[in-house]
Amino acid sequence: MTCREVVELMTDYLEGALSAEYRAKFEDHIAGCDGCRAYLSQLRTTRMVVGKLADEPIPANIEAELMKAFQDWSLAGQV
Amino acid sequence: MVEGGERRARSPITSALTSRLSLAGVGESRDEAELAALKAGDEAAFSALIKRHHGPMLRLAMAYVRDPAAAEDVVQETWLTCLRNLDRFEGRSTLKTWIFGIAMNLARSRRRKEARVLPFASLFRRDDSDRAGATVDGSRFGADGMWATRPDSWRSLPEERVLSSETLQRVKRAIEALPVKQREVITLRDVAGFDAGEVCAFLSISPENQRVRLHRARAAVRKMLEGYLR
């Protein structure tokens with residue numbers, strides 16, 4: 001396998017979607033290729049950094065409005 | 001085996017089994033406790049719920065709606081819809097899946113309304129997200145298909161650089177620049193934390209299309225980061 005081919009299989013690899021044969025070839029290549037190991041590591045870092053977007057805090061005004069709606073809902077049964 | 005213990009690289013059978021187990025076990029009892037608390041008017045439970053899901057839900061809304069204020073409206077409307085319909089939640093999915101399904105429906109209908117006022121051309125922008133093409137510039141490889149310009153290792157970069165607010169802003173913009181088919185997949189998978197099967201069900205797409213879209217989306221964000229973190 002060439003590096004050009006290996007980079008396009010990386011998501012399938014991370015998803016566990018490669019056949020046993022392709023997985024073995026992929027891992028063989030990766031074991032001997034610093035560039036592809038770096039690329040795979042970059043993809044994992046990318047996934048982790050994208051995941052950090054989840055940490056965006058709720059703005060205080062939205063939180064206050066929603067808490068008020070929840071109080072109305074639990075007291076009066078409607079919002 | 002180079003990268004040992006890759007959590008996501010389990011066989012499909014094992015991961016399907018695990019997600020079913022977690023649905024029937026931990027997830028379900030947590031949902032039941034949370035539902036009971038909400039129905040009892042427990043404000044701390046509702047506060048925890050909206051805080052936990054705010055970031056992912058806002059990003060999901062932004063995957064469909066361009067205007068941040070409109071996306072915030074979608075988030076608020078989602079919670080109101082959830083409260084109005086909580087009695088009808090039957091636990092056939094997890095609470096999180098149910099909530100995000102509502103958010104997605106509201107965001108998509110908002111998008112359709114916005115589309116009516118958008119210029120004609122932008123509605124029919126070509127989206128070839130399902131085509132499995134090269135995601136790395138061909139000039140990076142030699143004639144033999146091996147790296148000519150290798151990617152750098154990011155391991156020596158300080159974490160405060162990789163996770164700086166500037167980096168996160170750029171990642172947001174890179175995702176917003178993707179075609180919608182890739183934007184929704186990377187947001188559901190990597191921001192909201194749904195698994196592949198859940199995303200296929202949400203979007204009614206095949207496992208292959210889910211992977212191709214995810215691959216292209218992550219590759220595009222990686223490429224942006226490579227330029228920025230150099």
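The values are calculated or read from the model by the stated rules, or taken from the named source; none is laboratory data. As the structure is a computational prediction, the values presented were derived from the model and not from experiment. Here the Cβ positions follow ideal geometry from the backbone for every residue, glycine too, while neighbour counts run over all protein chains shown.
In table form, for the structure just shown:
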read-out	value
Considering residues of the range B:164-204 that are within 11 Å of another protein chain (Cβ to nearest Cβ) and not in a helix (DSSP H, G or I) only, the residue surrounded by the most Cβ atoms within 10 Å (Cβ to Cβ)	B:A192
The range B:71-82, residues that are free of Cβ contacts under 8 Å to residues at least 24 places away in the same chain and facing another protein chain (nearest Cβ under 9 Å)	B:E72, B:Q76, B:L80
From A:G51, A:G35, residue being in a helix (DSSP H, G or I) and touching a residue at least 24 places away in the same chain (Cβ under 8 Å)	A:G35
Checklist (1) more than 7 Å from chain B (Cβ to nearest Cβ); (2) surrounded by fewer than 17 Cβ atoms within 10 Å (Cβ to Cβ); (3) modelled with pLDDT of 95 or more applied to A:C36, failing item	(2)
Criterion (touching a residue at least 40 places away in the same chain (Cβ under 8 Å), under 20 Å from A:L9 (Cβ atoms), part of a loop (DSSP other than H, G, I, E, B) and of a type in the set (K, R)) met by exactly one of B:R216, B:R131	B:R131
Residue, farthest from the chain's Cα centre (by Cα), within the range A:9-33, restricted to residues that are over 18 Å from B:A196 (Cβ atoms) and facing chain B (nearest Cβ under 7 Å)	A:A31
Candidates B:A44, B:A40 - the one that is in contact with a Ser or Thr (Cβ under 9 Å, 6 or more places away or on another chain), at negative phi and of a type in the set (G, A, S)	B:A40
Per-region count, the range A:54-79, residues within 8 Å of chain B (Cβ to nearest Cβ) and either in a helix (DSSP H, G or I) or of a type in the set (A, V, I, L, M) (or both)	15
B:R189 among the basic types (K, R) and over 11 Å from the mean Cα position of the chain (by Cα)	no
